[in-house]
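Worksheet: the structure to be examined is printed underneath.
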Ligand code: HSE
């Protein structure tokens with residue numbers, strides 16, 4: 001209450017947003033897959049110039065609960081774009097997506113904030129607008145696109161637009177993610193990359209990413225024991241993740257089709273059609289040989305993307 005007049009609040013909106021794994025090996029900044037672990041965001045916009053933030057699950061005691069909170073920042077941007085008279089918000093989040101581990105936690109926060117604010121404001125923006133806004137905040141589309149659309153996504157940024165195609169692979173692909181117990185920021189992992197790479201490495205990646213997408217679209221798995229390989233970013237990031245290539249080899253030995261860094265890491269992801277438990281155990285055991293404690297998640301593709309659940 002203020003001056004005896006009830007302050008206006010928006011309708012309360014609850015959205016669910018999936019985790020995502022980006023790059024899939026050779027598809028640096030372009031490929032992504034939505035995964036079936038989720039964060040939930042409950043948002044009410046208020047006229048009062050005050051924010052209340054409650055967090056449960058991942059990030060408690062670590063994520064800011066003041067105006068520096070990423071969800072609040074994107075919510076405020078969306079409000080400002082519409083000129084609506086809201087100045088504050090009540091934000092409640094429950095996070096199951098591991099933080100700073102290469103499973104798209106920042107993309108999940110950005111997309112959840114934009115989508116929830118859009119619903120609370122009466123949907124002035126469409127999904128393409130959401131994609132463009134989220135990409136502008138994140139800096140690249142490969143996590144935000146699958147978080148928005150679900151499935152596997154191929155994205156490009158041109159000077160004037162961000163374009164994404166989302167599809168469901170024609171293979172019953174399982175994902176096994178070994179999650180080490182240390183954080184690695186995307187900023188640090190991007191700093192490890194060189195300014196340029198040799199043309200032969202660029203052409204290696206073009207052939208591999210094209211083969212990977214073709215295999216997913218046709219269901220032809222023949223190339224998959226090669227197609228997750230990468231020469232563009234993983235070799236430069238290996239020093240940040242002890243045992244990375246040995247964990248890949250252990251996953252393949254246990255039956256995986258291929259393995260890769262999940263996003264910028266530090267999680268490592270294996271792709272398989274079966275043997276998931278065995279692959280997960282092999283990955284964790286191999287990490288432990290390098291004194292890296294870890295656990296594994298068995299994931300499926302989320303087919304829906306971010307949507308309203310309340
Ligand atoms: N494409 C990004 C990277 C994903 O590898 O740096 C992490 O956000």
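Every number here is computed from the coordinates shown, using simple stated rules; none is lab data. Please read these numbers as outputs of a predicted model, since none were measured by experiment. Ideal geometry is used to build each Cβ from the backbone, glycine not excepted, and the neighbour counts take in all protein chains shown.
Once you have a ≥ b ≥ c as the square roots of the Cα gyration tensor eigenvalues for segment 12-169, tell me rounded if a/c is under 1.5, and otherwise prolate or oblate according to whether a/b is larger than b/c.
oblate
Any chance you could check the Cα centroid distance between segment 10-42 and segment 127-201 for me, in angstrom?
Spelled out, the Cα-based centre of one part sits 10 Å from the other.
Would segment 133-216 count as rounded, prolate or oblate if I go by the C-alpha gyration tensor, calling it rounded below 1.5 in a/c and otherwise prolate when a/b exceeds b/c, oblate otherwise?
It is rounded, given that a/c, with a ≥ b ≥ c, falls under 1.5.
Using a/c under 1.5 as the rounded threshold, could you call segment 166-263 rounded, prolate or oblate? The axes a ≥ b ≥ c are square roots of the C-alpha gyration tensor eigenvalues, and prolate needs a/b larger than b/c, oblate otherwise.
Oblate is the answer for segment 166-263, as a/c is 1.5 or above yet b/c matches or exceeds a/b.
Quick check on the exposure proxy: order 11, 47, 58 from fewest to most C-beta atoms within 10 angstrom. Numbers along the way, then the final one.
Values: 11 11, 47 17, 58 20.
Arranged by neighbour count, lowest to highest, 11, 47, 58 become 11, 47, 58.
Which order results if 40, 92 are arranged by neighbouring Cβ count within 10 Å, fewest first?
92, 40
With runs of 4+ DSSP H residues as the only contributors, calculate the mean residue ellipticity of the chain at 222 nm using -39,500 (n - 2.57) per run, divided by the residue total and rounded to the nearest 500.
Roughly -10000 deg cm²/dmol at 222 nm, from the helical runs in the chain.
At a temperature of 25 °C and a viscosity of 0.890 mPa s, determine how fast segment 94-142 diffuses translationally according to Stokes-Einstein, using the Kirkwood radius over alpha-carbon pairs as Rh; express D in µm²/s, rounded to the nearest whole number. Could the numbers behind the result be given before it?
On the way: Rh = 11.4 Å.
D = 214 µm²/s.
Neighbouring Cβ atoms within 10 Å as the yardstick, rank 287, 167 fewest first.
167, 287
On the first, second and third principal axes, largest extent first, how far apart are the outermost C-alpha atoms of the chain in Å?
70, 41, 37
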